[in-house]
1. Using alpha carbon coordinates only, what is the Rg to Rh ratio of segment 178-240, with Rh defined as the Kirkwood radius?
2. Per the Kirkwood treatment, what hydrodynamic radius in Å, one decimal, follows for the chain from the mean inverse distance over all distinct Cα pairs?
3. Exposed loop GluC sites (Glu not before Pro) only (DSSP loop, at most 16 other Cβ atoms within 10 Å): please give the longest stretch of the chain free of them, not including the sites.
4. With a bin width of 5 angstrom, please list the P(r) values of segment 1-122 as percents of all Cα-Cα pairs, from the 0 bin to the one holding the largest distance.
5. How about the chain: what cysteines have no other cysteine beta carbon under 4.7 Å from their own?
6. Per the Kirkwood definition applied to all pairs of different Cα atoms, how many angstroms is the hydrodynamic radius of segment 126-231?
7. Near the amide H of F100, under 5 Å away, which other amide H atoms are found, from residues 5 or more places off or on another chain, if H is placed in the peptide plane?
8. Using Cα atoms only, what is the angle between the long axis of helix 3-13 and the major principal axis of the chain, expressed in degrees (0 to 90) to the nearest 10?
Amino acid sequence: MIPSEIAAQVRGLGVLAGDVLLVHTSFRAVRPVEGGPGGLLAALREALGPEGTLVMPSWTGDDALPFDPSSTPASPDLGIVADTFWRQHGVVRSRHEFAFAAAGPAAERITSDPLPLPPHIPASPVGRVHDFDGKVLLLGVGHDANTTLHLAELIAGVPYGLAKHLTVRGRDGRPKRIEYRENDHCCTRFALADEWLRDRGAQREGLVGRARARLVRSRDVVEVAVAKLAEDPLVFLHPPEAGCAECDEARASCASPETSTPSPRAAPPRTP
Ligand SMILES: [Zn+2]
């Protein structure tokens, strides 16, 4: 397909000129697109127009080497479109390992926060997309790739947190290891968001290229997930009988309260 046809499909799904749009995509699911990954990016930019802002994940996934925004490739897990986007002229990229890339009027604001720990707190690119009342487009991928659900977990104050580290370049220029805890697991059960969002009529679905596409408001994702997490803080973890090593590790991390991921929520106001 040619980029203008793809742009029309993206508009048909509900993307408006001027939107802030966070895209997670697998090019393999969308193709063929004339111009390859660059053609798909041109289509997304066309759908958003000059007043819109396109945002994509751009982190490295390498915890052993310091990140350089001008040269470190995006993690292969993020796909060829994400790794093409940050290299394009005029695209802004965060200066830390949990980088996102963005182009458009809101790009600077979305990418300018300092290193967020854990990675998807409100003062991070996904948090800023939420602040802007942006939309999330899942293009050939499911909610297991929807990073905004990690933001929801943090806002909800989930009790699990796994030990992770990353390597930054210290002031003396030497690599420096930083330990942190992250609300992480296998993410398969993020797929529950499909049903939750459909139930409230908050998810648009259709084809973009050959890919199944889902379009949601970031705020709807967070609102619905925070409500479900209030009922069951472990709703995203596989049950023990599923034998999922990652979810079991997350579950085990709940045993000691001091190991839980701190909630970024402000303390509730005192009632007299
Ligand atoms: Zn699992």
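Nothing in this text is a laboratory measurement; each read-out follows from the coordinates by a stated rule. The model shown is predicted, which means the values in this text are computed figures rather than measured ones. Note: ideal-geometry Cβ built from the backbone for every residue, glycine included; neighbour counts use all protein chains shown.
1. We get a ratio of 1.05 for segment 178-240.
2. Values: mean 1/r = 0.0522 Å⁻¹.
The Cα-based Kirkwood calculation yields 19.2 Å.
3. Details: sites that count: E34, E51.
The segment 52-272 is the longest one with no such site.
4. That works out to 2, 12, 21, 24, 19, 13, 6, 2, 0, in percent per bin.
5. Cysteines of the chain left without a disulfide-compatible partner: C186, C187, C254.
6. Details: mean 1/r = 0.0652 Å⁻¹.
Answer for segment 126-231: a Kirkwood hydrodynamic radius of 15.3 Å.
7. Residues meeting the amide H criterion: S58, S94.
8. Helix 3-13 sits roughly 50 degrees off the main axis of the chain.
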